[in-house]
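Single-structure report; data block below.
The values are calculated or read from the model by the stated rules, or taken from the named source; none is laboratory data. Quick caveat: nothing in here was measured; it's all calculated off a predicted structure. For neighbour counting, all protein chains shown are included, and Cβ atoms are generated from backbone atoms with ideal geometry for every residue, glycine included.
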Amino acid sequence: MDDKPRAATPTVQPGPWDISNIRPELGDVSAACPHCRTVIPFDAHVCTGCYAERHNGPTAEETKGLAGLGCVAGFLLGFFVIDLPFAHSLALMLAGGFVGAVVAQLLYQNTRWLRAYKTQQSRK
């Protein structure tokens, strides 16, 4: 056996931003903002430190963007690739928009904290 004294392992004290041991089911009522690490209540919708907003699912812009992309892709596929008549291409365009909206729901289904980076414009 080795009788040499072992060096003490340094212990790291968790800071106020450390949320690894917070468990809401046991009565803990706060968490840390993923952007600025400000401690906020679990049921908060806006961070008090950086004003990040909680979004459940896609934003309206994300849904509109992917639905619009689906509409364009559906129309181009129907009219130019499959060579459908114009009316049938419009129906395929609507189906593409629906598929795009569903894809947005699937891509952004988790709760996310989004920050709005706003700049102040000078008034002249």
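General observations
- Single match in Thr59, Thr48, Thr63 (criterion: among the polar types (S, T, N, Q), buried (at least 16 other Cβ atoms within 10 Å of the Cβ) and modelled with pLDDT of 85 or more): Thr63
- Positions within segment 47-106 being touching a residue at least 40 places away in the same chain (Cβ under 8 Å) and touching a Gly at 6+ places or on another chain (Cβ under 6 Å), in sequence order: Leu66
- Residue list for segment 73-116, filter: in a helix (DSSP H, G or I), at pLDDT below 90 and of a type in the set (Phe, Trp, Tyr): Phe79, Phe80, Phe86
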